[in-house]
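S.K.: One structure, pasted below without further comment.
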Amino acid sequence: MLPDNAFMRNMPNSLSIEDRLRCEAIVTSCDVVALAFTNLEKTLRSAFASNLQSISSRDLTAMSMSCWTIVDHLHVFLQFLRRQTREPDGVLDRFLNDFEFVTHMRNAMDHLHTNIKNAAGRKDAVDPLHGTVLFSGPLEADMTFEYVIVPLAALHRGRQVSPVIDTHAVPPTTGIGNISFAAFDNQLNLSEVVVRLSDALQSYNDSAERFCRQAIEQIAPEHGLDADQLWNAKVSGNVYFRVQLPLRSH
């Protein structure tokens, strides 16, 4: 989501390890969300182009994996936002307020082993155990478009909750769009959250860059150091090793 030259990907090594680890955790979680969404789109495009009545268990598993990966790593980002000083009604504050419920979705799945009995005993309509994916196809020549609902479950327990279909959704010109994920009585617009997460991460990056620059400019003279040198001394990248080992006979 952030470009390779963004501050949070290239931090001065004079900053504390805690600050650098915090930024790495945030950036990595957002990168995981972006990749999981890309993988979900790929799976849904493939399913939409084929017979939707014969979606393989492999594709259902891939959808579930992508959706719950997004939920897990959005939860990580939200955890950091809760501890971040935020401008009232700013980008970060609105993101936290609008997507706070994602933590409930994550916690419900995290405690699934203790919730199975309640899930099995519910008499009202329920979501499929691992949720439901919704998405729309492209606009057709007759000005209609398909809206597809895919339960991520093989076992159906009585009446199922009907996910909310956005009747005002604008269909994509090609491919698929308007992707949502419903689980545990909540519904997350994945297409929207990925766009807004990118904006929130950029806002976080800009804020962190300003704060760290000010801190270095304030501290450097106190220790007789040059602020620009400290700022430009970036953390080195990873070093990768490939070791060729002999096969040991037994």
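S.K.: Take residue 47 and tell me if it is at pLDDT 85 or above, touching a Phe, Trp or Tyr at 6+ places or on another chain (Cβ under 6 Å) and in a helix (DSSP H, G or I).
M.R.: Judged against the criteria, residue 47 is not a match.
S.K.: Could you list all residues from the range 1-49 that are under 20 Å from residue 189 (Cβ atoms), within 14 Å of the chain's Cα centre (by Cα) and small (Gly, Ala, Ser)?
M.R.: Across the range 1-49, the qualifying residues are 29, 34, 36.
S.K.: Looking at residue 196, is it open to solvent by 20 Å² or more (accessible area, probe 1.4 Å), modelled with pLDDT of 90 or more and not small (Gly, Ala, Ser)?
M.R.: yes
S.K.: Determine which member of the set 70, 55, 116 is within 14 Å of the chain's Cα centre (by Cα) and of a type in the set (Val, Ile, Thr).
M.R.: So the residue among 70, 55, 116 that is within 14 Å of the chain's Cα centre (by Cα) and of a type in the set (Val, Ile, Thr) is 70.
S.K.: Now for a separate question. Being among the basic types (Lys, Arg), free of Cβ contacts under 8 Å to residues at least 24 places away in the same chain and open to solvent by 50 Å² or more (accessible area, probe 1.4 Å) narrows it down to one residue among 106, 83; which is it?
M.R.: That would be 83, the only listed residue that is among the basic types (Lys, Arg), free of Cβ contacts under 8 Å to residues at least 24 places away in the same chain and open to solvent by 50 Å² or more (accessible area, probe 1.4 Å).
S.K.: Sticking with this structure for a sec: Looking at the range 208-223, I want the residues that are hydrophobic (A, V, I, L, M, F, W, C) and have a partner that is in a helix (DSSP H, G or I) with Cβ atoms under 7 Å, at least 6 apart or on another chain. Which pairs are those?
M.R.: Pairs that qualify, where the first residue is hydrophobic (A, V, I, L, M, F, W, C) and the partner is in a helix (DSSP H, G or I), are 208/7; 208/8; 208/23; 216/227; 216/230; 216/231; 220/227; 220/230.
S.K.: Find the residue count for the range 224-250, including only residues that are in contact (Cβ under 8 Å) with a residue 60 or more places away in the chain and in contact with a helix residue (DSSP H, G or I) (Cβ under 7 Å, 6 or more places away or on another chain).
M.R.: Total satisfying the criteria: 3.
S.K.: I need a count of the residues in the range 191-250 that are in a helix (DSSP H, G or I) and of a type outside the set (Gly, Ala, Ser).
M.R.: Within the range 191-250, residues that are in a helix (DSSP H, G or I) and of a type outside the set (Gly, Ala, Ser) number 30.
Rundown of residues vs (1) more than 24 Å from residue 77 (Cα to Cα); (2) touching a residue at least 12 places away in the same chain (Cβ under 8 Å); (3) surrounded by fewer than 16 Cβ atoms within 10 Å (Cβ to Cβ), yes/no style:
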| position | (1), (2), (3) |
| --- | --- |
| 98 | no, yes, yes |
| 101 | no, yes, yes |
| 119 | yes, yes, yes |
| 124 | yes, yes, yes |
| 174 | yes, yes, yes |
| 181 | no, yes, no |
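S.K.: Quickly run through the range 87-96 and pick out the residues that are loosely packed, with under 15 Cβ neighbours inside 10 Å and of a type in the set (D, E, K, R).
M.R.: Scanning the range 87-96 gives 87, 89.
S.K.: Let me ask something else. What number of residues within the range 33-66 are free of Cβ contacts under 8 Å to residues at least 60 places away in the same chain and open to solvent by less than 40 Å² (accessible area, probe 1.4 Å)?
M.R.: 4
S.K.: Here's a follow-up. Out of (1) touching an Asp or Glu at 6+ places or on another chain (Cβ under 7 Å); (2) aromatic (Phe, Trp, Tyr); (3) farther than 18 Å from residue 233 by Cβ, what's the single condition that is false for residue 37?
M.R.: Every listed condition holds for residue 37 apart from (1).
S.K.: Tell me, yes or no, whether the range 110-117 has at least one residue that is in contact with a helix residue (DSSP H, G or I) (Cβ under 7 Å, 6 or more places away or on another chain) and among the β-branched types (Val, Ile, Thr).
M.R.: no
S.K.: Quick one: residue 15 ticks every box in (1) in contact with a Cys (Cβ under 8 Å, 6 or more places away or on another chain); (2) surrounded by 19 or more Cβ atoms within 10 Å (Cβ to Cβ); (3) farther than 23 Å from residue 131 by Cα except a single one, so which number is it?
M.R.: Just one mismatch for residue 15, condition (2).
The values are calculated or read from the model by the stated rules, or taken from the named source; none is laboratory data. Note that the structure is a prediction, hence the values are computed from the model and not measured. Glycine gets a Cβ as well: all are built from the backbone with ideal geometry, and neighbour counts include every protein chain shown. With ligands, DNA and RNA removed, areas are computed over all heavy atoms of the protein, side chains included. Shrake-Rupley method; radii C 1.70, N 1.55, O 1.52, S 1.80 Å.
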